[in-house]
Amino acid sequence: MTTVGFIGAGKVTQALVKGLLSSGAVTPSRIYASSKTEMSLQKLKVFGVNTCLDNTWTVKNSNITVLAVKPLVYPKILHEIAPAVGPNNLIISVAAGVTIKSIEQRLPHHAKVARAMLNTAVQIRDGAICYSTGRNVADADQELIHRFFSSVGLTLEGEEKHLDAVVGLSGSAPAYFYLILEALSDAGVRHGLSRDVSTRHASQAMLGAARMVLESGRHPGELKDEVCSPGGVTIDAIYSMEKAGVRAAMMDAVDACIRRNYELARLNE
Ligand SMILES: NC(=O)c1ccc[n+]([C@@H]2O[C@H](COP(=O)([O-])OP(=O)(O)OC[C@H]3O[C@@H](n4cnc5c(N)ncnc54)[C@H](OP(=O)(O)O)[C@@H]3O)[C@@H](O)[C@H]2O)c1
């Protein structure tokens, strides 16, 4: 059975650990995690995983090591773990904006590196994950990476240049959708629904719509048209949304996210 390591004990590590354990893909005794302080490790200890303050210990004990630290800490961490990275270690980065090349340059020549973008819904095994692999990743390694991420969500392999777009879509999208859900919930409250009923209705509608798109494979515009009866109530709502520029606002939000991702990448080169 695979052993999995995490460097960093923050939100992403906690979400992945929760998802992996609930999937049964890994047991707590096969998870190794290190972080900067004992305080940040406390949040992982509740899962019964192995913890330590030494990042090289994590790499030495793991087949797969996930680097889940902020992009600005990467140079320091890579310098630290480089001597421990052997030809069988798979190093997976989840940081926005840090390229595979910039990681490979700081690790031994044999290092097997992959880069993934994911979102925090991995904790309920409903994540959206996209990954790319570096020069030394063989087919068997790729299968392992794919199985690893598939246990916590929809997993697609893609070219690294497309990961930036994924950052702006699925990576940050939970925040966009929470904002929209909050607004819909407010609208329900304005019209007399309780907060709880309002939020649950809006959330289920969002979930149902997303599942309709994924399960039917149809274009969202086509599904939208089906809900809009001629002269009906929904097309009036759509007209209001179009007048308010919702479509362009969403596209601008993704642009802003991708732009920031490039800025972070430049800081790391
Ligand atoms: N949040 C998201 O939804 C999301 C989604 C996709 C990708 N990402 C990427 O995933 C990475 C982690 O994000 P996050 O949200 O989990 O960040 P976070 O909550 O801030 O966690 C970062 C962790 O790194 C630890 N750390 C800092 N310096 C360290 C060192 N020298 N050695 C070991 N650990 C160290 C921190 O410990 P202390 O707390 O003790 O400082 C903390 O536990 C980021 O690069 C981010 O771009 C995030």
What do you reckon, is Asp252 out of contact with any strand residue (DSSP E or B) (no Cβ under 6 Å at 6 or more places or on another chain), under 30 Å from Ser93 (Cβ atoms) and not assigned by TED's automatic domain parsing to the domain that holds Val12? yes
What single numbered condition from (1) surrounded by fewer than 19 Cβ atoms within 10 Å (Cβ to Cβ); (2) within 14 Å of the ligand (Cβ to nearest atom) fails to hold for Asn119? (1)
Report yes if some residue within region 212-225 is closer than 30 Å to Glu104 by Cα, in a helix (DSSP H, G or I) and not aromatic (Phe, Trp, Tyr); otherwise report no. no
In this structure, is Leu107 assigned by TED's automatic domain parsing to the domain that holds Gly127 and open to solvent by less than 20 Å² (accessible area, probe 1.4 Å)? yes
Of the listed residues (Lys11, Lys60, Lys45, Lys18), the one being among the basic types (Lys, Arg), within 11 Å of the ligand (Cβ to nearest atom) and at negative phi is Lys11
I'm trying to understand the selection: among the residues of region 226-250, which are open to solvent by 50 Å² or more (accessible area, probe 1.4 Å), outside any helix (DSSP H, G or I) and of a type in the set (Gly, Ala, Ser)? Ser229, Gly231
Residue in region 178-189 that is over 22 Å from Thr13 (Cβ atoms) and in the same structural domain as Ile64 (by TED's automatic domain parsing) present: no
Give the residue, chosen from Val137, Val113, Val98, Val85, that is touching a Gly at 6+ places or on another chain (Cβ under 6 Å) and either within 15 Å of the ligand (Cβ to nearest atom) or assigned by TED's automatic domain parsing to the domain that holds Val59 (or both). Val113
Single residue of Val98, Val69, Val59, Val85 found to be under 28 Å from Leu156 (Cα atoms), among the β-branched types (Val, Ile, Thr) and in contact with a Leu (Cβ under 6 Å, 6 or more places away or on another chain): Val85
Scope region 76-87; condition open to solvent by 30 Å² or more (accessible area, probe 1.4 Å) and in a helix (DSSP H, G or I); matching residues: Lys76, His79, Glu80, Pro83
Pick from Arg125, Arg147: which is surrounded by fewer than 19 Cβ atoms within 10 Å (Cβ to Cβ) and within 13 Å of Leu16 (Cβ to Cβ)? Arg125
In region 63-82, what residues are within 11 Å of the ligand (Cβ to nearest atom), over 19 Å from the mean Cα position of the chain (by Cα) and not β-branched (Val, Ile, Thr)? Pro75, Lys76, Leu78, His79, Glu80
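The values are calculated or read from the model by the stated rules, or taken from the named source; none is laboratory data. Predicted model, so just to flag it, every value in this text is computed and none were measured. Here the Cβ is made from the backbone with ideal geometry for all residues, glycine too, and neighbour counts use every protein chain on show. The accessibility values were calculated without ligands, DNA or RNA, using every heavy atom of the protein model including side chains. Shrake-Rupley method; radii C 1.70, N 1.55, O 1.52, S 1.80 Å.
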